[in-house]
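Some notes on the structure that comes next.
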Amino acid sequence: MLQPKEWLHWLWPTLIPLSSAEQTEDTEWKQGIAASVQEGDWSTDSDVVLEESRRLFDAEVDRRKGSDAKAGIYLAAITALIPVLVSLLPTLWSDKSSKWLGCISLMLFGLAVAFLLRAGAWAFRTLKVAGFTQLGPGELANTWKEGSPKAGLAKQLASAVLHNYSLVNEKVTGIKMTHEYLLRAFLTFTILLVLQVIWPVGVWVVEERTKLDTPTPAPLIMCYS
């Protein structure tokens, strides 16, 4: 059975930061890979190594572009949807409807809007993640001064990929969190709509059942002598 903290985390997802030991391990892993790249002899089959390095670099570029594109679409959709949803707010509370239904509907509506706003915040945060290592003319000029230019270029690309990993992963994480909150907003709005349909039917069923269960008083017969 889920504990209260787990229920809260399921309802309102949050990122759990790495511990100090995990951060140290991750830093050491990156430093080890970077050292292996710089110290390795890539002059053998340099064409193959260069092609693979380009493929890895292009894959990170595609991941970054895909995350930015999704974040932009989500942010635009949420920005356009919020005013429309707020305009529906007066219809959730009416003097003719049940007060219980109105209270529950307002709570669900507020929760759904909070999910949407949080999703928009994560999408905006994804777009704000800046910094992406690319090779410029200076790196190319220095590489071609080496004995094996192709191997040097492959190392430059591999180092750029390693540096971009954390930045692109941060963008992908932001998109995943946006998905989580959008899913919860969709489910909450679905529950709200179903409640709006089922509640009147349920009230009618209860009233009819109450009428059937209530005994009908027998008419009084007066006798005159």
Worksheet item: Going through the range 118-177 one residue at a time, which ones are farther than 27 Å from T27 by Cβ, in contact (Cβ under 8 Å) with a residue 24 or more places away in the chain and assigned to a helix (DSSP H, G or I)?
Response: R118, A119, G120, A123, F124, K150
Worksheet item: Of all residues in the range 1-41, how many are under 12 Å from S159 (Cα atoms) and in contact with a Leu (Cβ under 9 Å, 6 or more places away or on another chain)?
Response: 4
Discussion item. Among the residues that make up the range 104-127, is at least one of them surrounded by fewer than 17 Cβ atoms within 10 Å (Cβ to Cβ) and at positive phi?
Written reply: no
Discussion item. For the range 19-76, give me each residue that is assigned to a helix (DSSP H, G or I) and of a type in the set (D, E).
Written reply: E22, E25, D26, E28, E39, D47, E51, E52, D58, E60, D62, D68
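Each reported figure results from applying straightforward, stated rules to the coordinates on display, with no laboratory input. Remember, predicted model here, so these are calculated numbers, not experimental data. Don't worry about glycine lacking a Cβ; one is built from the backbone with ideal geometry, like all the others, and counts go over all protein chains shown.
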